[in-house]
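See below for the structure under consideration.
The values are calculated or read from the model by the stated rules, or taken from the named source; none is laboratory data. Here the structure is a predicted model, which is why all the values come from computation and not from measurement. We place every Cβ from the backbone using ideal geometry, glycine too, and count neighbours over all the protein chains shown.
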Amino acid sequence: MKLTPLIAVLLGMLLGSAQATTVLYQDFNELVDTSQHSVMGTVAKLNAAKASDGEIYTTIVLRNASVITAAGEKHVGKPVQLRFKGGTVEQLDKAKNVIGEETLLTHGAPEFEVGDQVVVFVSHNGVADMPFVGFSQGVFKVNDRQQVQTANRELVVGFQGADLITETDHGLMARGQLLDNAERTEHRSSEGVMLLESDGGEDRLVNRSVAQVERETLEKSTGKAGKASYAPVDVRNFVSMIQERKAQTATLRANAQVDMSVDDLVRLPEVVRGKSAPADAPMGVARKQDEQRTEAISQETQLPLERPDASTQSDDE
């Protein structure tokens, strides 16, 4: 019997499921330090399928992909495949007719569209249920103006310590909290860039040299000292920051074997029925290893982007 569209929709809703999870906050340094790969590329395909273990997985294929290292960008000659648990597949009857959809939702998972240009921080791809460090925190998108955005398409405009400052509908935000105007002036992000307050009252991340030239030009044209408007951080600056952070921690990363072969980016292992435990067990091991690496790096290396002073953090942090 062929189901009506309404029944098919209801069937899809009933068959859908969600997996809740607790995601720890990751600042910029932690995203770089605990990831095995920092990858830049363009989403070419999205493929959701039900594996032999009965779960739904989505595979993202990136074209023109490069791995960002301390030495620069290394082009990956093959398409990069990133797989995470979750997605939507069609439900078929015995005659292979589509009768509905089955969805597996993973809370905190990022969303992608074909054509998205992305910078992602990846660990344990093909093994962990979620290869993106910090779930959506480890995913950044690049708009048509080559400006960096979060996975939710909020513009990245600077740093407070190692915490990203993003531009939201409610104002500038860092570490999940809105910034006061008094907090938004002259924040340093890393060597070569500075966060300044613009004429519009919003802060922007700019190159120091660009800021200096624009200020001097403005002063010459008006005869008065002033502040110009600045653009959000562009992808080239963002990539440079990743490279600088990797260079700062290169020795420790080599000792911890964080930077690995790109084989796990171009070749995914098969998901086998009855062997879902290895997909979860390495996740626990991975988290422990990442925590140990982060602790070792923070203790032995002076961070270029330091954490905010404890006195400036709210009580609930």
task = Give just the number: which of (1) assigned to a strand (DSSP E or B); (2) at pLDDT below 95 does V61 not satisfy?
result = (2)
task = Would you check which residues across the range 25-51 are part of a loop (DSSP other than H, G, I, E, B) and over 22 Å from T166 (Cβ atoms) and list them?
result = Q36, A51
Residue that is farthest from the chain's Cα centre (by Cα) [pool: residues in the range 36-72 that are hydroxyl-bearing (S, T, Y) and either surrounded by 17 or more Cβ atoms within 10 Å (Cβ to Cβ) or on the phi > 0 side of the Ramachandran plot (or both)] = Y57
request  = Please verify whether the range 153-160 includes one or more residues that are closer than 19 Å to S35 by Cβ, of a type in the set (A, V, I, L, M) and touching a His at 6+ places or on another chain (Cβ under 9 Å).
outcome  = no
task = Mind listing whichever residues of the range 34-93 are closer than 18 Å to E244 by Cα and hydroxyl-bearing (S, T, Y)?
result = T34, S35, S38, S66, T69
task = Only residues in the range 36-53 that are within 20 Å of Q117 (Cα to Cα) count as the first member; pair them with residues that are among the basic types (K, R) and assigned to a strand (DSSP E or B), Cβ under 6 angstrom, at least 6 apart or cross-chain, and list the lot.
result = T42/R63; A44/R63
